[in-house]
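Peer 1: For reference, the structure I am asking about is given below.
The values are calculated or read from the model by the stated rules, or taken from the named source; none is laboratory data. Here the structure is a predicted model, which means the values were calculated and not measured. Counting neighbours? That spans all protein chains shown, and the Cβs are built from the backbone with ideal geometry, glycine included.
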Amino acid sequence: MTYLPPAERPKWQQSAACRGKPVEMFFVSAHAGVGATREAKIVCAGCPVRAECLDFGITEKFGIFGGLAEKERRDLRRQRRHGRGAA
């Protein structure tokens, strides 16, 4: 993911539930296991801009975006391509 200075970030990020949380919470090691993403997903679950975040990060290879890890986003992209789902 490319770093964007605050002035260039999407406006919706100002309302994100993760704002001010440690970035490491959302970018855990792939070897950390499923439980390592639990805390981030709890934050995302109550986020008012979850859909915007998911759209923003749908193709990212790392991290939690819109409450989904990379494999979950990959599965969602596949479902969308085949017309079987939307977020």
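Residue-by-condition table, conditions (1) over 19 Å from Tyr3 (Cβ atoms); (2) crowded, with 17+ Cβ neighbours inside 10 Å; (3) touching a Gly at 6+ places or on another chain (Cβ under 6 Å); (4) acidic (Asp, Glu):
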| position | (1), (2), (3), (4) |
| --- | --- |
| Glu24 | no, no, no, yes |
| Arg38 | yes, no, no, no |
| Cys47 | yes, yes, no, no |
| Leu54 | yes, yes, yes, no |
| Leu76 | yes, yes, no, no |
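Peer 1: Between Ala40, Ala51, which is touching a Cys at 6+ places or on another chain (Cβ under 8 Å), in a helix (DSSP H, G or I), under 19 Å from Leu76 (Cβ atoms) and not basic (Lys, Arg)?
Peer 2: None of the other options fit; the residue is Ala40.
Peer 1: Looking only at region 1-22, count every residue that is modelled with pLDDT under 90 and aliphatic (A, V, I, L, M) and tell me the total.
Peer 2: 3
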